[in-house]
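Below: one structure, written as structure tokens.
Each reported figure results from applying straightforward, stated rules to the coordinates on display, with no laboratory input. As the structure is a computational prediction, the values presented were derived from the model and not from experiment. So basically every Cβ, Gly included, is an ideal-geometry build from the backbone, and we count neighbours across all protein chains shown.
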Amino acid sequence: MDKCGTPCATPKKRVRVENFNELKLSPSLARAVSDLGYVKPSPIQAEALPILLGEPTDFIGLAATGTGKTAAFGIPLLERIDPTVKAVQALILCPTRELALQVSGQIDLLGKHKGVRALPIYGGAPYGDQIHGLKRGVAVVVGTPGRIVDHMDRGTMKLDQLKTLVLDEADEMISIGFKDDLEKILGSVPEGKSDTWLFSATMSREVRRVADTYLKSPKMVQVNAKEMLPETVEQIYYPTHESNKPEVLCKLIES
């Protein structure tokens, strides 16, 4: 629901694409998609891409982990980038540095023929390289909320030319304690100049509250509603005592 209490759902008839060629991407993005071997979009891509490649809008995408959400927001995000503008035009927030690095790598692959690379920014890494990258004028930043707020407070990162803000795995970011940082970043987004795209596996009460507060009349796509992970992901767990975890982990890695 939006701020007025009306459902923030997509129209009754959803537009789906069956092939990436249907999207009429720019030559640089179409070439990158072809290089990566993408032919048939995943369910979240098939429904989200026609929306996000269309008119500017806030957006909510609910889909299980591992269903191709990075390309679902990465492709339209890159279509909006002007490589000649030396400022942050897109900010992707991730709950962990591992995911930030993974998403950054995917953006690099999708943006290579457009000359766009992503700068990963996360805690535990030296500030120097991150500050140098920001001063150089990077167009896409992928980072964890805490370190992004640090750079905002230092004045080394400005969002005045931001076009797109993506919250990737929003439920995870909130569950591990980034809610205050998220809200500070959301409150700093240029009003009326930037769209916010929220992607999450679940719509918890806190995620819903963030969406209702900061997203304006968002369009929404939901797939895999009955499962937290797609069927292609196999999950295995090993019961053990806390003291034995390092040994068990080492044995698993060796095997």
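Quick notes on this structure:
- Each of the peptides 69-81, 185-197 was scored by the mean count of other Cβ atoms within 10 Å over its residues; in descending order, highest first, they stand as 69-81, 185-197.
- Sorted largest first, extent of segment 117-220 alpha carbons per principal axis (Å): 38, 29, 23
- Relative contact order of segment 114-255, defined on C-alpha pairs under 8 angstrom at six or more residues apart (%): 18
- Listed peptides 144-152, 19-27 by packing density, highest first (mean Cβ within 10 Å): 144-152, 19-27
- Which listed pairs, of 69/158; 184/251; 184/219; 112/193; 179/219; 40/179, have C-alpha distances above 31 Å, in listed order: 184/251; 40/179
- Computed packing ranks the peptides 92-101, 213-222, 34-43 as 92-101, 213-222, 34-43, most packed first, by mean other Cβ atoms within 10 Å.
- Since only 134, 107, 93 are under comparison, the one whose Cα sits farthest along the positive direction of the charge dipole of segment 92-149, derived from C-beta charges on Lys, Arg, Asp and Glu, is 134.
- Kirkwood-based Rg to Rh ratio, the chain, C-alpha trace: 0.97
- Normalised by residue count, segment 57-167 yields a Cα convex hull volume of 101 Å³ per residue.
- 3J(HN,Hα) along segment 122-136: 8, x, x, 10, x, 6, x, 5, 5, 5, 4, x, 5, 5, 5 Hz, from the Karplus curve 6.51 cos²θ - 1.76 cosθ + 1.60 with θ = phi - 60°, whole Hz, x for Gly and Pro.
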